[in-house]
Amino acid sequence: MTESATDVVTPNLDSCVRIGSIVSSNSHLDYVVEILKGRDCDRPPELHEREFGQPVFIKKVVDGTEHAVMGVIYDTKLVDPDQGRTGPRLAQDDQAQFTPGYIEERTTLAGVALLGTAVITDNRSIADPTHRMPRWTLEVDDTVYHCPDEVALSFHTVDEQLQLAYLDRLVDIAGDLGSEVIVALIDRLRRMLPEDDPSQRTLDVVEQNIEWQARERRGVV
Amino acid sequence: MSGHSSAVGTVAGPGDDPNEFVFITPAEKSLKTGEFITYTVTVDGENRSVFARVTNRELIRGLPEGFLADPQVAPETVATTLGVPTDDTELYRLTATVIGYYNTDMTTFANPRQLPEPGTPLSIAPDRQLETVLPNLGCDTDSADVTDLDGIAHIGWLLNRSPEATNIHIPIEEFASTHLAILASTGSGKSYTASVLIEEMMGPGARASLLVFDPHGEYDTLAEMQGHETFKGEDGYEPGVVYYDPERLRVRISELEIGDVMAVLDNPSNRMQDRLSTAWRSMQRQESRTWGINELINEMEGIYGEDDASVGALEWRLRRSIERNDLFHPEDNVPLNDIVDPGQCTVLQMDTLDRRNQQLITTVLLRRMYRERLDAVRGRDSEIEHPIFALFEEGHRFAPASGDAPSLGIMRTITSEGRKFGFGLGIISQRPSKIDQDVLSQCGTQISMQIQNPNDQDAIKKSIEAAGEDVLRELPGLTPGQAVVSGDAMNTPALIQVRGRRTQHGAGSLPVIEKWRDAYEQQQREPTHSEAADFGGGESTGVQSLD
């Protein structure tokens with residue numbers, strides 16, 4: 001597993017797609033991100049680049065060292081300020097619906113849970129990943145980047161072993177969708193690992209446990 | 001107890017039973033069930049080490065079972081993946097039962113009647129202390145050098161400790177006077193354990209007068225004790241081992257009681273029984289003790305007339321059952337002087353006698369010896385002036401629970417009253433359920449080894465008062481050579497590993513495969529059955545058609 005992680009050429013962190021920017025937070029580890037749209041940037045994220053379970057990162061310079069604060073999209077929400085508004089609407093034959101001003105305020109929000117941190121190296125990849133709780137607070141307007149799978153894998157490789165040590169915190173933040181976001185992360189990692197990697201089986205066990213617990217909680221079993 | 005440094009656990013609180021408490025140990029302090037632990041309490045202003053036995057152990061904190069889902073993935077790997085620490089995370093909750101502190105005045109355990117406070121540190125009981133207080137040695141301190149004591153039998157060491165770390169010496173006097181039972185299924189080391197005890201009893205410290213009733217001839221290696229360095233005393237003592245083979249075993253007819261005779265006769269009618277008992281009583285009143293069947297018949301004919309039909313039938317029966325049996329003799333007898341002597345172990349080999357004869361010779365010998373012991377204690381002339389100990393291999397033969405054996409009565413008498421007259425019995429058996437309950441329940445010291453048969457376990461439970469639940473629970477799980485010693489010789493039951501014998505063991509299983517092979521080869525070497533002779537002349541019928 002570690003071999004495969006080093007074999008893969010990690011993409012440059014500077015060339016990662018921007019997903020959105022932070023607009024608020026629910027707690028120290030739970031942030032709300034507004035997804036970029038066509039008018040906000042040249043290259044808005046594709047739907048699959050901001051999907052449920054997508055790992056993301058935020059760059060932060062702490063004490064002169066550049067860090068990547070790692071997170072994952074665990075929830076999404078659509079916002080339409082116009083929704084439910086009653087009153088006259090301007091419409092004519094060639095334009096069925098005319099809603100000046102508000103149209104651009106429709107937006108997609110994503111919930112991002114923080115997982116841990118890593119140091120950004122000079123060759124623009126990450127090193128020294130840790131799954132401990134990040135101590136630093138992010139700011140409103142901080143840019144959230146799409147985290148390529150290779151970087152996600154190296155973030156999950158701690159001391160040459162696959163780890164998801166943030167798991168309990170993530171379940172707490174993600175609440176009802178906790179097990180799904182973990183399963184999505186595990187799927188992603190599994191795709192990155194060779195078929196015969198011993199960690200595949202470990203991931204199976206972890207996945208099984210998480211799913212079982214969720215089913216127990218939901219009253220299925 | 002020396003402070004917290006040797007502590008292995010901490011008391012959490014009381015348990016379910018009044019004498020039980022619960023304590024917690026981390027994973028690295030691996031305590032086995034059955035281990036002895038101590039803590040200190042203040043009794044009457046004095047610090048006392050209270051002993052307790054660990055009875056149960058359960059995991060209260062450990063990795064969840066879901067981590068064990070894939071046998072190929074170690075639970076630790078899953079734990080590490082999830083960031084769960086795996087070092088020393090396991091916590092165990094153990095239950096212990098208080099045995100008590102060693103009361104030096106009473107020389108036994110006394111219950112402090114108070115459980116340790118939560119938070120009390122517990123440590124493993126020191127070997128030397130256990131050696132002093134576990135057996136009933138009557139030491140006046142709780143940490144004496146028990147090897148200095150006389151009259152003790154080193155039977156083995158505590159099973160939970162490393163070999164020979166905590167040696168258990170049981171007081172010979174205790175089990176030799178209040179009787180002993182060695183109960184174990186076949187092949188778990190009954191005769192081995194008995195031989196270890198015989199070795200100890202024949203050592204220069206005890207110089208016992210021992211009699212072994214051996215229906216299988218399993219004790220022939222005991223002779224090695226003679227001339228063996230370990231058994232020699234400083235004063236030149238050397239144990240004697242005497243073998244009595246079946247040819248030398250004789251019962252003088254006049255020693256038989258009317259009940260014994262009835263037991264060997266073929267189905268006598270009521271009239272015959274009446275005739276016989278009258279004549280027998282009259283013969284026993286006579287001065288002469290060397291009369292035979294002829295004299296008895298004469299006596300009957302004298303009383304009932306020569307033509308009496310019952311006397312005729314009795315004559316035939318008596319001649320068949322007694323006169324033609326080599327065991328009975330009008331004059332010869334086993335001389336008691338020969339078979340009992342201090343420092344002498346006599347093995348009565350009865351392997352060629354049938355069961356009835358084994359029972360009869362045993363009955364008569366026990367009865368004679370008991371009479372002599374009675375005389376000795378009452379200050380009358382006696383052939384046996386010292387206490388004796390008799391060991392019965394296959395004890396259920398001599399004191400069976402069902403069916404009658406002539407020996408049962410005298411065995412019951414000796415087990416219930418022999419103590420006063422210095423006559424101890426040791427019963428060895430693999431079927432405790434087949435031994436008479438009165439006999440078994442009088443055996444004050446028990447060495448129980450592996451027993452799986454529920455009936456036999458039940459018999460032990462019913463008849464042995466000292467056998468607590470924890471002793472019985474251990475029995476099915478023991479392996480050969482391991483035993484639970486309980487009863488009068490111990491202050492509390494202990495699980496031991498029986499020590500190795502100094503003489504060779506002669507009662508192991510036969511090497512069956514080897515014997516079969518030898519027999520086969522033997523057969524191959526001998527000429528095979530000769531071919532049917534061809535007398536010629538006849539015409540060959542050729543190959544016969546099957547249809």
4 °C / 1.567 mPa s Stokes-Einstein diffusion coefficient of segment A:21-68, Kirkwood radius on C-alpha pairs, µm²/s: 101
Too long at a 26 Å Cα-Cα cut-off: which of B:Lys190/B:Lys461; A:Lys37/A:Lys77; B:Lys232/B:Lys515; B:Lys190/B:Lys515? B:Lys232/B:Lys515
Could you tally the net charge around B:Leu327, taking each other residue with its Cβ under 12 Å from the Cβ of B:Leu327, Lys/Arg +1 and Asp/Glu -1? -2
Counting pairs of alpha carbon atoms under 8 Å apart in space and at least six apart in sequence, what relative contact order in percent does chain A give? 25
Simple Cβ-charge dipole of segment B:252-328, Lys/Arg +1 and Asp/Glu -1, about Cα centre, in debye nearest 20: 160
Quick check on chain B: of the DSSP beta bridges with both residues there, what percent are antiparallel, nearest 5%? 65
Among residues other than B:Tyr101 whose Cβ falls under 10 Å from its Cβ, what is the net charge (Lys/Arg +1, Asp/Glu -1)? -1
³J(HN,Hα), Karplus 6.51/-1.76/1.60, whole Hz, each residue of segment B:135-152, x for Gly, Pro: x, 7, 9, x, 6, 9, 10, 9, 8, 9, 8, 6, 5, 6, 6, 9, x, 10
Per q in 0.06, 0.07 1/Å, what log10 I(q)/I(0) does a Debye calculation on the alpha-carbon atoms of chain B return? -0.44, -0.56
Of all DSSP beta bridges in the protein assembly as shown, antiparallel share, percent nearest 5: 75
Neighbour-count ranking for B:Lys515, A:Lys60 (other C-beta within 10 angstrom, fewest to most) reads B:Lys515, A:Lys60
Can you give me the Rg/Rh ratio for chain A, using Cα atoms for both radii and the Kirkwood formula for Rh? 1.04
Using only Cα atoms and rounding to the nearest 10 degrees, what angle (0 to 90) does helix B:309-318 make with the longest principal axis of chain B? 60
Segment B:7-125: mean projected area of Cα convex hull, nm²: 8.7
Neighbour-count ranking for B:Glu199, B:Glu173, B:Glu238 (other C-beta within 10 angstrom, fewest to most) reads B:Glu238, B:Glu173, B:Glu199
Here the relative contact order (percent) of segment B:7-125, from C-alpha pairs under 8 Å and at least 6 apart, is 40
Counting only backbone N atoms under 12 Å from a point 7 Å out along Cα-to-Cβ of B:Glu46, the residues of segment B:120-154 in range are B:140-142
From the alpha carbon gyration tensor of segment B:282-358, can you work out the equivalent ellipsoid semi-axes (sqrt of 5 times each eigenvalue) and give them in Å, largest to smallest? 32, 17, 7
Sequence gap at least 6, Cα distance under 8 Å: using those rules, report the relative contact order of chain B to the nearest whole percent. 17
What is the set of long-range amide H partners of B:Trp291 at a cut-off below 5 Å, with H atoms built 1.01 Å from backbone N? B:Ser254
Please name which of B:Gln284, B:Trp316, B:Met262 has its Cα lying farthest along the dipole of segment B:252-328 towards the positive end, using unit charges on Cβ (Lys, Arg +1; Asp, Glu -1) and the Cα centre as origin. B:Met262
Find the percent of Cα-Cα distances in the protein assembly as shown that exceed 43 Å, and round it to a whole number. 58
Could you go through segment A:138-154 in sequence order and give the Karplus-derived ³J(HN,Hα) for each residue, using 6.51 cos²θ - 1.76 cosθ + 1.60 with θ = phi - 60°, rounded to whole Hz, and x for Gly and Pro? 7, 10, 4, 6, 4, 7, 9, 9, 5, 9, x, 4, 4, 5, 4, 5, 6
Would you mind checking which residues have amide H under 5 Å from A:Gln54's amide H? H placed 1.01 Å from N; only 5 or more apart, or other chain. A:Ile73
Consider a paramagnetic label point 7 Å from the Cα of B:Glu58 along Cα→Cβ; state which residues of segment B:92-135 have an amide N under 16 Å from it. B:92-97
At 1.002 mPa s and 20 °C, plugging the Kirkwood radius over alpha-carbon pairs of segment B:363-415 into Stokes-Einstein gives what diffusion coefficient in µm²/s? 179
Residues whose modelled amide H sits under 5 Å from the amide H of A:Val144, counting only those 5 or more places away in sequence or on another chain, are A:Ile19, A:Gly20, A:Ser21, A:Ile22
For segment B:275-289, take each phi angle, set θ = phi - 60°, evaluate the Karplus expression 6.51 cos²θ - 1.76 cosθ + 1.60, and give the result in whole Hz per residue in order, putting x for glycine and proline. 4, 5, 5, 4, 5, 4, 4, 5, 5, 6, 6, 6, 5, 5, 10
Neighbour cut-off at most 13 other Cβ (10 Å), DSSP loop, GluC sites (Glu not before Pro), segment A:16-87: A:Glu46, A:Glu51
With Cβ to Cβ distances under 14 Å as the rule, what net charge do the other residues near B:Pro85 carry (K, R +1; D, E -1)? -4
For segment B:109-244, what value does the Rg/Rh ratio take when both radii are computed over Cα atoms and Rh is the Kirkwood radius, given to two decimals? 1.05
Counting other beta carbons within 10 Å of each Cβ, put A:Arg106, B:Arg380, B:Arg53 in order, fewest first. B:Arg380, A:Arg106, B:Arg53
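Every number in this text was worked out from the coordinates using simple rules, so none of it is lab data. Only a predicted model underlies this, so the values are computations on that prediction, with no experimental measurement involved. All Cβ positions, even for glycine, are placed from backbone atoms using ideal geometry, and neighbour counts span all protein chains on display.
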